[in-house]
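Just below is one structure, and these are the notes that go with it.
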Amino acid sequence: MWSSAQITNYEPADLIGSLVVCVCNFAPKNIAGFTSELLILGAKDSDGKVIVLSPRSEVAAGEAVY
């Protein structure tokens, strides 16, 4: 799946292989000519940088979020 996200404080290589929390049951959305298929969740830190949310323990990829 592909996502278009305004997360600029990470290099793409920093996220490869990482578990992140996403919403993936939205319909695909066209954003500036790019099809975004999921929403990556994050929160801003005190400097305003988006910090990608991730599980604190190992979980299977695709596990539901409660």
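Values quoted throughout were computed directly from the atomic coordinates according to the rules given, and no laboratory measurement underlies them. Worth saying up front: this structure is predicted, and the values here are computed from it rather than measured. Backbone-built Cβ (ideal geometry, glycine too); neighbour counts: all protein chains shown.
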Among the residues of segment 12-20, is there at least one that is surrounded by 10 or more Cβ atoms within 10 Å (Cβ to Cβ), over 13 Å from the mean Cα position of the chain (by Cα) and not hydroxyl-bearing (Ser, Thr, Tyr)? no
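Filter segment 21-62 down to the residues that are surrounded by 10 or more Cβ atoms within 10 Å (Cβ to Cβ), charged (D, E, K, R) and free of Cβ contacts under 8 Å to residues at least 40 places away in the same chain and list them by number. Full working, then the answer.
Taking segment 21-62 first, the residues surrounded by 10 or more Cβ atoms within 10 Å (Cβ to Cβ) are 21-24, 26, 28-29, 31, 34-42, 45, 49-55, 59.
Of the ones still in play, those that are also charged (D, E, K, R) are 29, 37, 45, 49.
Lys29, Glu37, Asp45 - these are the residues of segment 21-62 that are surrounded by 10 or more Cβ atoms within 10 Å (Cβ to Cβ), charged (D, E, K, R) and free of Cβ contacts under 8 Å to residues at least 40 places away in the same chain.
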